[in-house]
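What follows is one structure encoded as structure tokens, with my remarks underneath.
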Amino acid sequence: MTSSELQPRQDGAEALRLLADGELTLEGRLVDASNATLRAIVALGDVTAHCVYKPVRGERPLWDFPDGTLAGREVAAYLVSRATGWDLVPPTVLRDGPFGPGSCQLWIDEPDDAEPLVGFVPAREIPPRWFPVAAARDDDGAAYALAHADDPRLARLAVLDAVINNADRKGGHVLVGPDDRIYGVDHGVSFHVEEKLRTVLWGWAGRELPPDAVEMLDGLAGQLRGPLGEELAEHLTIGETAALAARVERLRGTGRFPLPPEEWPAMPWPPM
């Protein structure tokens, strides 16, 4: 029997079962990651997929995230994303692996012809319907702008980041899948009890939330009081879960995208 590669659009339950119970075969390490990040093949029966395995033992201690694990927050981000109905985070589980417990997330392959949605562009050549969010210069002193598309898929990701308090939304963490859907990855430094939102997606700052985001937040508030809150309790502290619920209520109350902070850096570094 020939094996088949599981695709992102396939049934979520099948992907979770594969990630949780499949046999992991390591392929190599992603050297640009600050924590141990390994690419692997996961196989269960005749179904296979590529995945990202992040073992807890490979995490660097962070003074401002003393509780829980980065791997646990990766899973928590997936759980919240799934609850929104937007499925912006690839299927992710916490499981044992070759280097012990860690998060295991479905790998997203970007097509070669995928149009970038975030990046540095010449300051005088910002594409139509793009938002400039920061000024920059190259090594020769030429003016550039860090900018992103005014894309409703990207706006949803900006809302999710505000909900989970993502402290590291780099442009390189935004992927366009083969199904033309947007995916966000690398959420290990999210869910802090203090405001730490750092993102390159500031183009909608202060604007009204789209109707679908308002509807999503209403539903998410109810889920946090039920099964979703219980699931998150396995990965987050009581304080982190309470802060998550408070952010949802604040967004519902203002009905607007948050503004860049003045008390801490608004951009992750590096931004891409």
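The values are calculated or read from the model by the stated rules, or taken from the named source; none is laboratory data. Just so we're clear, the structure is a prediction, and the values are computed from it rather than from any experiment. Cβ coordinates were reconstructed from backbone atoms using ideal geometry, including for glycine residues, and neighbour counts include every protein chain displayed. Side chains included, ligands, DNA and RNA excluded: accessible areas come from the protein's heavy atoms. Shrake-Rupley method; radii C 1.70, N 1.55, O 1.52, S 1.80 Å.
Per this entry, Asp168 is not counted among residues that are within 22 Å of Leu236 (Cα to Cα), surrounded by 24 or more Cβ atoms within 10 Å (Cβ to Cβ) and within 10 Å of the chain's Cα centre (by Cα). Tallying residues that are modelled with pLDDT of 90 or more and either farther than 15 Å from Pro101 by Cα or not in a strand (DSSP E or B) (or both) within region 1-24 yields 9.
For first residues located in region 200-216 and of a type in the set (D, E, K, R), partners that are at pLDDT 95 or above and surrounded by 21 or more Cβ atoms within 10 Å (Cβ to Cβ) and lie 6+ apart or on another chain with Cβ distances below 7 Å form the pairs Arg207/Phe257.
The set of residues from region 225-264 being part of a helix (DSSP H, G or I) and touching a residue at least 60 places away in the same chain (Cβ under 8 Å) comprises Leu228, Glu231, Leu232, Glu240, Ala243, Leu244, Arg247, Val248, Leu251. Residues that are open to solvent by 50 Å² or more (accessible area, probe 1.4 Å) and in a strand (DSSP E or B) were ranked within region 29-39; the one that is modelled with the highest pLDDT is Arg39.
Arg156: closer than 30 Å to Glu240 by Cα and surrounded by fewer than 19 Cβ atoms within 10 Å (Cβ to Cβ), yes or no? Criteria not met by Arg156. Any residue that is in contact (Cβ under 8 Å) with a residue 60 or more places away in the chain, open to solvent by less than 60 Å² (accessible area, probe 1.4 Å) and not hydrophobic (A, V, I, L, M, F, W, C) - is there at least one of those in region 40-52? No, because not a single residue in region 40-52 is in contact (Cβ under 8 Å) with a residue 60 or more places away in the chain, open to solvent by less than 60 Å² (accessible area, probe 1.4 Å) and not hydrophobic (A, V, I, L, M, F, W, C).
Within region 62-95, the only residue that satisfies the criterion of being more than 14 Å from the chain's Cα centre (by Cα), open to solvent by 60 Å² or more (accessible area, probe 1.4 Å) and modelled with pLDDT of 95 or more is Leu94. Looking at this structure, is Pro55 touching a strand residue (DSSP E or B) at 6+ places or on another chain (Cβ under 8 Å) and not charged (D, E, K, R)? Answer is yes for this residue.
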